[in-house]
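None of the figures in this text is laboratory data; all of them are computed from the coordinates on show. Just so you know, these numbers come straight off a predicted model, no measurement behind them. We place every Cβ from the backbone using ideal geometry, glycine too, and count neighbours over all the protein chains shown.
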Amino acid sequence: MHYLYFLEQITDLSGDRNSAYNYWAVDLAPYSSVNSVIVKAGYLLRSAEVKGSTLALTGDLNATTPIEVIGGAPKSLSKLTFNGVSLPFKAGDYSVYTATADFEEPKFTLPDLSTLNWKYLDSLPEIQSPYSDTAWTSANLKTTYNTLRPLTTPTSLYGGDYGYNTGTLLFRGHFTATGAETSLFLWTQGGSAFGTSAWLNSDFIGSWDGIDAATNANTTFTLPNLTPGKSYVFTIVIDNMGLDENWVVGSETMKNPRGILNYTLSGRPQSAITWKLTGNFGGESYADHSRGPLNEGGMYAERQGYHLPSAPTKSWKDSTGPTAGISTAGIGFFATSFDLDMPKGYDIPLSFVFTNSSTSTAGHSSLATAYRVQLFVNGWQFGKYVHNVGPQTKFPVPEGIFDYHGSNYVAATLWALEKEGAKVEGLKLAADAVVQTGSGEVETVEGQKWVKRKGAY
C-alpha cells in the first residue's frame, strides 16, 4: 500500500492526521501491494500473517501497548497473537479488533568498567632506545602516485604511496647531528580534527592537538641541545581521520594525502633526515580479512593484533583501565574481558559512554586535556573519541558484535598528546533502551582471534 494513500485513509477514519502516524500498514504476502493489515501497535510492527482465522503479529514494545486492528484481519477472527503470545481481544463495529500487548520489564545488570581487572601495555615502544625499525617501510619514493599534490620533500612521506591508507601513521626520521639544530618544522595532514605528536629519541617535543576545522597543520618544535656526531631519531605519530569527500562537483579532495607534507630541520638540508614509516600491519595486504581493511591502524598494539580476542594479556601489567591513564605523553593500551547475560526476547542496545566535564569557550574546549581513544569490542573498532574536540561521547555497539550471552573482550588505545599525560575522565557501559522484541535471536559475528603475526614489529 502506498504510504501517502495509507496516511490519507487513516486520517479519514480517525479525523486526526497526527493519530494516523501511530498506525502500521504491513503486507500480508511478499511483494503484495494490496493485501495488507492496518494496525495501531505502538513502537514497531515487524510482520503480520493470516493463518486461517488467526492473525499473527510480530513487533517490538517499549511499554504496555493497545492493539487496534482496523483492516486486513480475517472476516471471522478467532485468534490474535503478538510475538507468539495469544491476546484476548474484542470485536467492535466495522470489523475493528482491539487488544492489549503487555510489556514486561526485564532484569539485568551491566558490568562496572571501573571495577574490572584491566591489563596495560605501552603501545609506543618506538621511542625507546632498544626499539628497531628495521622492518619498517623505507620512505624512498622520489615521486608520488598522488596526482593532486606534488612532493615538497626529497622522497614521498604520503602514507598512501606505500599502501598505508587507513588508521594511525608513524614516521621515524634518522639523522646525525651537527649540534646546530634548534628546531623541527613539520607540516602534517590527517583530515578534520586530526592530531600529531613528536619525539626526539625518547624526549617528547610537542603535539598538534587538533581542532575540528583543521585538516592539516604547521608546527615548529623546539629541540634540546644536540651532541655533534651523535645519531638521533624523530618519531612522529599522525592520526588519520579518513579520506576527504568530494563536496564540490569535479573536485578531487578525496586525493588529499595523509602524512608529512613538508619539514625543515633548522640549519640542515632536508636530505639530512632519512625516513621510515608504517601504518596498519601489512598495508593493503592487511592481516585481518574477517574485519576488513579499515579496522586497524599503525599503533604498536594494533600491528601486533592485541586488539583481537585471545590476545596474550597475562604477562601485561595490571591496571584499573583507561581512567587510570598514563602519566606522560605517549600511547597506552588497555584490555579487559567481561561476561554479559542479557535477557532473551529483548532488544537492549548498549553503548560505551565517555565522561567529558570540560568547559567550552566560543565553541572550543578551553580546559580540555588533549587525548584520543580508540575503542575495540571483540576485535572490532567501534569508536574514536577525541576528548579535546568532540562532540561525540556515546559509542553504540550492537548485539552481534557484543556477545549478549557470553564473554567479551574490550580494548582501548589512549593517546596522550600533552607532556603531563592523560586519563579518561569516566567510561561506562550503559543501556540506551529496553525493548521487548519479536526479532528473534542475534548470532554473534565470529571474527579472527589473535595469533602471533609473523613479522610483526
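Peptides 246-252, 322-328: what's the order by average Cβ count within 10 Å, highest mean first?
322-328, 246-252
Across region 98-112, computed HN-Hα scalar couplings (Karplus, 6.51 cos²θ - 1.76 cosθ + 1.60, θ = phi - 60°) run 10, 7, 9, 9, 7, 9, 10, 5, x, 10, 7, 10, 10, x, 8 Hz from first to last residue, x flagging Gly and Pro. Here the Karplus curve 6.51 cos²θ - 1.76 cosθ + 1.60, taken at θ = phi - 60°, turns the phi angles of region 180-185 into couplings of 9, 6, 10, 7, 10, 9 Hz, with x standing for Gly and Pro.
Positive end of the dipole of the chain (Cβ unit charges, origin at the Cα centre): among THR147, VAL249, GLY84, the Cα lying farthest that way belongs to THR147.
Computed with the Debye formula from one identical point scatterer per Cα of region 340-457, without solvent, the log10 of I(q)/I(0) at q = 0.09, 0.12, 0.18 Å⁻¹ comes to -0.34, -0.57, -0.99. Summarising the amide proton neighbourhood of ILE401: residues at separation of 5 or more, or on other chains, whose placed amide H is nearer than 5 Å comprise VAL445.
The alpha carbon convex hull volume per residue for the chain rounds to 193 Å³. Residue-wise HN-Hα couplings along region 151-162, as the Karplus relation 6.51 cos²θ - 1.76 cosθ + 1.60 with θ = phi - 60° gives them from phi, are 5, 10, 10, x, 10, 5, 10, 8, x, x, 5, 10 Hz; Gly and Pro carry x.
Please list, by residue number, everything in region 404-448 whose backbone N is under 18 Å from a paramagnetic label point 7 Å out along Cα→Cβ of THR355. Of the residues in region 404-448, 422-431 have backbone N under 18 Å from the label point off THR355. If the chain linking SER192 and LEU116 were pulled fully straight, counting 0.36 nm for each residue of separation and taking away their Cα-Cα distance, it would gain 23.9 nm. For region 125-278, the spread of Cα coordinates along the three principal axes comes to 53, 30, 29 Å, biggest extent given first. Amide H to amide H, with H built 1.01 Å from N, PHE382 comes under 5 Å of LEU375, PHE376, VAL377, counting only residues 5 or more places away or on other chains.
For the pair region 306-339 / region 79-106, the C-alpha centres are spaced 51 Å from each other.
Over the chain, DSSP H runs of length four or greater, each weighted -39,500 (n - 2.57), average out per residue to a 222 nm ellipticity of -1000 deg cm²/dmol. Amide H contacts for GLY325 (H built 1.01 Å from N in the peptide plane; partners 5 or more residues away or on another chain; cut-off under 5 Å): VAL424.
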